[in-house]
Amino acid sequence: STVIVCPNAEAASRVAAESIAATIDSALKSRGKAILGLATGATPEVVYANLAARHRAGGLSFQKVVTYNLDEYYPIQPIDPLSYRSYMHRHLFSRVDLPANQAHVLDGTVPEAFVREHTAEFDRWIEADGGLDLQLLGIGRNGHIGFNEPAEWSVAEAAAAPTRLVELHPVTRADAVREFGDAAKVIPRALTMGVKQILSARAIVMLATGPRKASIVAQALRGPVTTAVPASLLQTVADRVVWILDEPAAAELG
Ligand code: F6R
């Protein structure tokens, strides 16, 4: 994998935004549209602010961009301020010219009996759009990507996992207290894009910042490929992966 270490989170976010803008530009030139996989969480907030600023400045249009978000809590209403749909609205969708019907976020209101159809449709749409030009990722402190959590299954099984309903890992739920305010209020399940779709992206940009990520970043990049650290599976497609880190997150890379 390519690893870029920036002096701070602000600079790392700028590099990530530049790479997304460059991907949009080149995909539009070659195919007339750009298909982006997007992430939520604390890490990419400045990336989206940066993309919105580029849009306001006039250089970047999302008219021909199609987006697929990694995940969504389940169940949750899209208008709930804690939903990832509303996160995307606040940080990006309401700030750029992305047509509403080109922004895909998994639907936390689908009745459970229809979840499999919904998630399978999500995967079909990505495929029908020609696959993801770029997937933006963050990493959980337990090594999750999207909400593909550490699990006891083989690397081959994990790598083939489609978009689906999952239970959140205890570390993920603990970190979500930051958003939900109270451990009892954390929604314990989510819909997540599968590792299969993530690893199929033509470019993968992993952004990790801050000292809390240093240990897991080192495990994912330098440790064995193991389903105990889902982000380590990125090593299997290393030629398409760029890790953008700030110095604190890179501190244990050696
Ligand atoms: C969010 C997502 C998660 C986060 C990860 C890091 O859509 O898929 O995998 O990227 O939990 O979250 P932050 O950035 O809040 O540390």
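Summary of values
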quantity: Filter pass, residue 43 being within 26 Å of residue 149 (Cα to Cα) and surrounded by fewer than 16 Cβ atoms within 10 Å (Cβ to Cβ); calculated: no
quantity: Residue selected from segment 171-193 under the condition part of a loop (DSSP other than H, G, I, E, B) and touching a residue at least 40 places away in the same chain (Cβ under 8 Å), by the criterion nearest to residue 128 (Cα to Cα); calculated: 193
quantity: Segment 34-60 residues that are over 24 Å from residue 248 (Cβ atoms), paired with ones that are more than 10 Å from the ligand (Cβ to nearest atom) and charged (D, E, K, R) (beta carbon under 6 Å, 6 or more apart); calculated: 34/133; 35/129; 35/133; 52/95; 60/54
quantity: All positions within segment 237-252 that are under 19 Å from residue 196 (Cα atoms), in a helix (DSSP H, G or I) and under 18 Å from the mean Cα position of the chain (by Cα); calculated: 237, 238, 240
quantity: Top-ranked residue of segment 194-227 - restricted to ones that are aliphatic (A, V, I, L, M) and assigned to a loop (DSSP other than H, G, I, E, B), ranked as nearest to the ligand (Cβ to nearest atom); calculated: 201
quantity: Failed condition for residue 11, given (1) within 18 Å of the chain's Cα centre (by Cα); (2) among the hydrophobic types (A, V, I, L, M, F, W, C); (3) not in a loop (DSSP other than H, G, I, E, B); calculated: (1)
quantity: Options 141, 116: the member that is part of a loop (DSSP other than H, G, I, E, B), surrounded by fewer than 20 Cβ atoms within 10 Å (Cβ to Cβ), of a type outside the set (Val, Ile, Thr) and modelled with pLDDT of 95 or more; calculated: 141
quantity: Check on residue 99, out of contact with any strand residue (DSSP E or B) (no Cβ under 8 Å at 6 or more places or on another chain), away from the ligand (no atom under 16 Å from the Cβ), closer than 30 Å to residue 58 by Cα and without any contact (Cβ under 8 Å) to a residue 40 or more places away in the chain; calculated: yes
quantity: Any pair with Cβ under 6 angstrom, 6 or more apart, that starts in segment 144-170 at a residue that is in contact (Cβ under 8 Å) with a residue 60 or more places away in the chain and ends at one that is surrounded by fewer than 23 Cβ atoms within 10 Å (Cβ to Cβ) and of a type in the set (Gly, Ala, Ser); calculated: 150/228
quantity: Positions within segment 66-81 being among the charged types (D, E, K, R) and closer than 14 Å to residue 189 by Cα, in sequence order; calculated: 71, 72
quantity: Residue identified as within 14 Å of the ligand (Cβ to nearest atom), more than 18 Å from the chain's Cα centre (by Cα) and over 30 Å from residue 31 (Cα atoms) among 141, 178; calculated: 178
quantity: Candidate set: segment 147-175, residues that are under 18 Å from residue 219 (Cβ atoms) and touching a strand residue (DSSP E or B) at 6+ places or on another chain (Cβ under 8 Å); chosen: the one farthest from the ligand (Cβ to nearest atom); calculated: 158
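The values are calculated or read from the model by the stated rules, or taken from the named source; none is laboratory data. This is a predicted model, so every value here is computed, not measured. Cβ atoms come from the backbone with ideal geometry, glycine included; neighbour counts cover every protein chain shown.
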